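Novice: Pasting in a structure now, in structure tokens, and then I'll have a few things to ask.
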Amino acid sequence: MNKIVLILAVIFSTLGMAADDKGSKQDNPFSGIKLRNIGPALMSGRISDIDIHPNNENIWYVAVGSGGVWKTINAGTTWKPIFDKQDVYSIGSVTIDKQNPNRIWVGSGEDTGGRHTSYGDGIYLSEDGGSSWKNMGLKKSERISTVIIHPEDSNTVWAAVQGPLWSKGGQRGLYKTTDGGETWNKTLGDDEWTGVTDIVIDPRNPDRLYAATWQRHRTVAAYMGGGPNTAIYKSEDGGDNWQKLKSGLPKDNMGKIGLAISPQKPDEIYAAIELERRTGGIYKSFDQGASWSKQSDAVAGGTGPHYYQELYASPHHYDRLYLMSNRMIISDDGGKTHRIMNEKNKHVDNHAIAFNSNNPDYVLVGTDGGLYESFDLTTSWKYVSNLPVTQFYKVAVDDAEPFYHIYGGTQDNNTQGGPSRTDNVHGIRNSDWYVVLFGDGHQPATEPGNPDIVYAEWQQGNLVRVDKTTGEMVYIQPQADEGEVAERFNWDAPILVSPHEPKRLYFASQRVWRSDDRGDSWKPISGDLTKNQSRIELPIMGGTQGWDMPWDVLAMSNYNTITSISESPVKSGLLYIGTDDGLIQVTDNDGGDWRSIDVGDLPGVPDTAFVNDIKADLHDSNTVYIALDNHKYGDFKPYLLKSSNRGKSWQKLNAGIPDDHLVWRVVQDHVDPDLMFAGTEFGLFVSTTGGNKWQKINGGMPTISVRDLAIQKREDDLVAATFGRGFYVLDDYSRLRNVHNKAFDKNMIYPIKDALWYMPR
């Protein structure tokens, strides 16, 4: 009887064939498939904004930089994601209407200048505490950093819109609505590069506002974090007209600015200003912005001011300021002197802070590693350990038994590993996860047949081999010889374990390296396979810029690097690589000769496209697939192509993938060559036609970026690494093999996989 139940469950889950769901089956035959979320919440993920209910301080709304919006009604004991079904997942701000706390405004699109941030599609409103949402416009804004609601009129709202990071235009500036978001009027900013990054309102006079503009542009090659149009403005008529403030403020190019107004003395305004080459300072005005004086040189550090720089004034202590930074900066005298906040037992990289109106010793802080509470004014910290919003770049799986392990490189939260399942009755817990390597994690790898060997790396190619039996970590990054130019490793440098010899590795900088002894020794098998340009000479912010412009060199990752490597499992030594500057290179003799292909010569592909992924076909030595990405030039289209003659000619494979779903990863089934999966910026797709037609698998997943995919062949499991919601597992997808349209028109019984038999602990 149990076996019959299992067979029926497999049929229904595969085909969605419940008697009352025939329409759904015809529209989407994969609608019954469900993926399993396994977290983790070991280190959580980046929090971009927090707002606490004005009448019930157990209710919090938390905006996740790339994980939607979460709500708790019991001070973090339990959480509910409330934004999962919207079209985007990247959030810059969340604001409760204090007059009607059921009205929640969300500005989509994360409000940093980071290389890895996603984008939004406007401003959203919920009128029922987050149960439902309506997009209220500004759909071309991409990044909204702050929303302020009129204290007496809920229909009047101001939005600080940073606008597109990767391109000019769109919607950027200060936008105001007086009809609850039905229409918006732009009153500040320009149409090309200058948006608004912060606004504050005088609590005594809602017509008095202060705003900070921000001129900036980022490309795949470089980052310029400021410009002559960055400034501070004041309005006395509700934001309809603005006066540029100058007296006492820097005259040179400014970068990102954070504003705060004193709750105790609202005539006093504070500004944290980024200046050139990551310098800056805190400025203060005692006269409503008419004149300013520099208080100190405090400026956000770490990744750089573009990543932080939000400024908060304490509602309880006059002149106490909190400047968001990698290590938060606190001043108790209006910025004249400052100290570094206690970060012990807490993740650094602070982005948001919220206060309890009734308890001056309480703060709630959002970081790159999740949410933290302090009940003693930052002397000690309590980690909120149940927000599974980890941002994974890449994933690898091993073949451990009985449960294989999953490894992921994260944004700012190390390389983590953990089991695909456990024998514990509670399932996988935080305590089952472990840190493989420190730093920002990127591409991990495992050795087939030996699950004790794991490769991990931190940013820009710092590669390590880990022996899990002993805990030994060996640094194995290949090095240039004396007299050679330095190696340029990508921020997310690619590593490949050869499918023909498990001890053989391929790794890449601007050239390809091979090791036959697990990285103990290396030899280059190519010269420079990139365009080797001078990126400072490439166009940015509308043209070629001089060295005196506000470049942030430390914010730039290496450029002209190799991003992807693949070796044909059918033919040893047949290698494909892709670069960040638009090249594909092919060798069929393990690096003896290389043939170059410019991505601009592929059908419909711009010559600026970045190679996200390249995969040799698992079954045919002549076939290769490539996923290209042009989003860092403002183009979010999917570029997925196939070649059947080793790159000599190409055909598009993006049918069924929406225009704004750039493709991150593609994998092919090891049994059925026509079964493929693609990870895109907004979800997971499947093809049963060799990539000729794609269909989305919702599978219970939220709207989220699927950055990487891995297949565990023994279990026929698909593991998806999402950038903001941890790992998802599609258990035993073998039922999708050899599926064609006619299969959905008749009842079918699929083979049943043997199950493990054990007593749960």
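Novice: Taking a ≥ b ≥ c as the square roots of the eigenvalues of the Cα gyration tensor of the stretch 647-735, is the shape rounded (a/c under 1.5), prolate (a/b larger than b/c) or oblate? Don't jump to the answer; show the numbers that get you there.
Specialist: Values: a/c = 1.76, a/b = 1.11, b/c = 1.59.
Oblate, since a/c reaches 1.5 and b/c is not below a/b.
Novice: In debye, nearest 20: dipole of the stretch 681-725 around its Cα centre with unit charges on the Cβ of K, R (+) and D, E (-)?
Specialist: 100
Novice: Between ASN430 and GLU484, what is the label-point separation in nm under the 7 Å Cα-to-beta-carbon projection?
Specialist: 4.4
Novice: How much length would be gained if the chain were fully extended between ASN58 and SER521, taking 0.36 nm per residue of separation minus their Cα-Cα distance, in nm to one decimal? Walk me through the intermediate numbers first.
Specialist: Working: separation 463, 0.36 × 463 = 166.68 nm, distance 5.65 nm.
The ASN58-SER521 span can extend by a further 161.0 nm.
Novice: Same structure, new question: Consider just the alpha-carbon atoms of the stretch 74-207 and return their Rg together with their Dmax, both in angstrom.
Specialist: 14.5, 45
Novice: What is the spread of the Cα atoms of the stretch 330-434 along each of their three principal axes, largest first, in whole Å?
Specialist: Extents along the principal axes, in whole Å: 59, 28, 18.
Novice: Leaving out ligands and nucleic acids, note down the accessible area per residue over the stretch 578-683 with a 1.4 angstrom probe, in whole Å².
Specialist: On the way: 3410 Å² over 106 residues.
Spelled out: the 1.4 Å probe surface of the stretch 578-683, per residue, equals 32 Å².
Novice: Taking the Cα atoms of the stretch 565-708 alone, what are Rg (to one decimal) and Dmax (as a whole number) in Å?
Specialist: Spelled out, the Cα radius of gyration and Dmax of the stretch 565-708 are 14.4, 47 Å.
Novice: Here's another thing I want to ask about it. Sticking with the crude label model, points 7 Å out along Cα→Cβ, report the distance from ASP237 to LYS713 in nm, one decimal please.
Specialist: 7.2
Novice: Also, I was wondering about something else. Quick one: divide the alpha-carbon radius of gyration of the stretch 276-316 by 2.2 N^0.38 Å and tell me what you get.
Specialist: Normalised Cα radius of gyration, the stretch 276-316: 1.34.
Novice: When the helix-only estimate is applied to the chain (DSSP H runs of n ≥ 4, each -39,500 (n - 2.57), divided by the residue count), what is the mean residue ellipticity at 222 nm, nearest 500 deg cm²/dmol? Don't skip to the end; give the middle numbers.
Specialist: Details: 2 runs with 20 residues, N = 761.
Only helices count here, giving -1000 deg cm²/dmol.
Novice: Check the straight Cα-Cα distances from LYS251 and name the lysines below 23 Å, setting aside those fewer than 8 residues away within the same chain.
Specialist: Straight-line reach from LYS251, under 23 Å: LYS234, LYS284, LYS294, LYS336.
Novice: Still on this structure, please answer the following. Checking the cross-link filter: which aspartates and glutamates have an alpha carbon closer than 12 Å to that of LYS98, excluding same-chain neighbours under 8 positions apart?
Specialist: ASP51, GLU152, ASP153
Novice: Share of the chain's accessible area from carbon and sulfur, percent, 1.4 Å?
Specialist: Working: 13390 of 27870 Å².
Carbon and sulfur together cover 48 percent of it.
Novice: Still on this structure, please answer the following. Taking the stretch 492-633, how much of its Cα-Cα pair set, in percent, is spaced more than 23 angstrom apart?
Specialist: Numbers: 3792 of 10011 pairs.
That tail contains 38 percent of the Cα-Cα pairs.
Novice: Still on this model: Please get the size of the charge dipole for the stretch 339-433, origin at its Cα centre, with Cβ charges of +1 on Lys and Arg and -1 on Asp and Glu, quoted in debye to the nearest 20. Mind dumping the intermediate values first?
Specialist: Working: 7 positive and 12 negative charges, 46 e Å.
Dipole size: approximately 220 debye.
Novice: Just name one of PRO402, THR422, VAL348: the one whose Cα is farthest towards the positive end of the charge dipole of the stretch 344-452 (beta-carbon charges, Lys/Arg +1, Asp/Glu -1).
Specialist: Final value for the positive-end residue is VAL348.
Novice: Tell me which aspartates and glutamates have Cα within less than 13 Å of LYS265's Cα, excluding those fewer than 8 residues away on the same chain?
Specialist: Partners found: ASP202, ASP287, ASP319.
Novice: Let me ask another. Per residue, what accessible area does the stretch 524-573 have, given a 1.4 Å probe and all protein chains present, in Å²?
Specialist: Working: 2110 Å² over 50 residues.
That works out to 42 Å² per residue.
Novice: Across the stretch 630-761, how many lysine pairs, 8 or more positions apart or on different chains, have C-alpha atoms separated by under 14 Å? Please give the number.
Specialist: On the way: LYS637/LYS652; LYS642/LYS652; LYS642/LYS693; LYS652/LYS693; LYS713/LYS753.
Here the count comes out as 5.
Novice: Let me know the longest stretch in the chain that avoids all GluC sites (Glu not before Pro) found in a DSSP loop with at most 10 other C-beta atoms within 10 Å.
Specialist: Numbers: sites that count: GLU152, GLU182, GLU482, GLU484.
Counting only loop sites that pass the neighbour cut-off, the longest clear stretch is 183-481.
Novice: Using the beta-carbon distance between ARG595 and LYS652 and R0 = 22 Å, what value does 1/(1 + (r/R0)^6) give for FRET efficiency, to the nearest 0.05? Don't jump to the answer; show the numbers that get you there.
Specialist: On the way: r = 22 Å, r/R0 = 0.98.
Efficiency, rounded to the nearest 0.05: 0.55.
Novice: First check a/c for the stretch 409-470, with a ≥ b ≥ c the square roots of the eigenvalues of its C-alpha gyration tensor; if it is under 1.5, answer rounded, and if not, answer prolate when a/b is larger than b/c or oblate otherwise.
Specialist: Details: a/c = 2.57, a/b = 1.42, b/c = 1.80.
Oblate.
Novice: Follow-up. To the nearest 20 debye, what charge dipole does the chain have about its Cα centre, counting +1 at the Cβ of each Lys and Arg and -1 at the Cβ of each Asp and Glu? Walk me through the numbers before you get to the answer.
Specialist: Details: 77 positive and 98 negative charges, 164 e Å.
The calculated dipole for the chain is roughly 780 debye.
Novice: Sticking with this one: What shape does the stretch 231-305 take by its C-alpha gyration tensor, where a ≥ b ≥ c are the square roots of the eigenvalues and a/c under 1.5 counts as rounded, a/b above b/c as prolate, and the rest as oblate? Don't skip to the answer; put the middle values down first.
Specialist: Numbers: a/c = 1.89, a/b = 1.56, b/c = 1.22.
Prolate, because a/c is 1.5 or more and a/b exceeds b/c.
Novice: Between ARG204 and ASN356, with labels modelled 7 Å along Cα→Cβ, what's the label distance in nm to one decimal, could you check?
Specialist: Placing both labels 7 Å beyond Cα along the Cβ direction yields 3.1 nm.
Novice: Still on this structure, I have one more. Taking the C-alpha atoms of the stretch 526-589, how large are the radius of gyration and the largest Cα-Cα span, Dmax, in Å?
Specialist: 16.2, 53
Novice: Could you work out how much longer the chain between THR469 and ASN532 gets when fully extended? Use 0.36 nm per residue separation minus the Cα distance between them, nm to one decimal.
Specialist: Residue separation times 0.36 nm, minus the Cα-Cα distance, leaves 18.6 nm.
Novice: For LYS693 and ASP252, what is the calculated FRET efficiency with R₀ set at 56 Å and r taken between the beta-carbons, to the nearest 0.05?
Specialist: Details: r = 55 Å, r/R0 = 0.98.
Approximately 0.55, to the nearest 0.05.
Novice: Report the percentage of all Cα-Cα pairs in the stretch 133-237 whose separation exceeds 20 Å, rounded to a whole percent. Don't jump to the answer; show the numbers that get you there.
Specialist: Numbers: 2005 of 5460 pairs.
When all Cα pairs of the stretch 133-237 are counted, 37 percent exceed 20 Å.
Novice: Calculate, for the stretch 23-143, the solvent-accessible area per residue in square angstrom, rolling a 1.4 angstrom probe over the heavy atoms of the protein chains.
Specialist: 32
Novice: Between the DSSP loop rule and a limit of at most 14 other Cβ atoms within 10 Å, which trypsin sites (Lys or Arg not before Pro) in the stretch 251-311 are left? Before the final figure, lay out each step's value.
Specialist: Values: sites: LYS251, LYS256, ARG277, ARG278, LYS284, LYS294; in loops: LYS251, LYS256.
Qualifying residues, ordered by number: LYS251.
Novice: Bin width 10 Å, origin at 0, all Cα-Cα pairs of the chain: what percent of pairs per bin?
Specialist: In whole percents, the pair-distance histogram is 3, 14, 24, 26, 19, 11, 4, 0, 0.
Novice: Using a 10 angstrom Cβ neighbour count of at most 16 plus a DSSP loop assignment to flag exposed chymotrypsin sites (Phe, Trp or Tyr not before Pro), which longest range of the chain is free of such sites?
Specialist: Working: sites that count: PHE286, TYR318, PHE375, PHE403, PHE438, TRP547, TRP757, TYR758.
Answer - 1-285.
The values are calculated or read from the model by the stated rules, or taken from the named source; none is laboratory data. Since we're looking at a predicted model, the values are computed, not measured. We place every Cβ from the backbone using ideal geometry, glycine too, and count neighbours over all the protein chains shown. All accessible areas refer to the heavy atoms of the entire protein, side chains included, with ligands and DNA or RNA removed. Shrake-Rupley method; radii C 1.70, N 1.55, O 1.52, S 1.80 Å.
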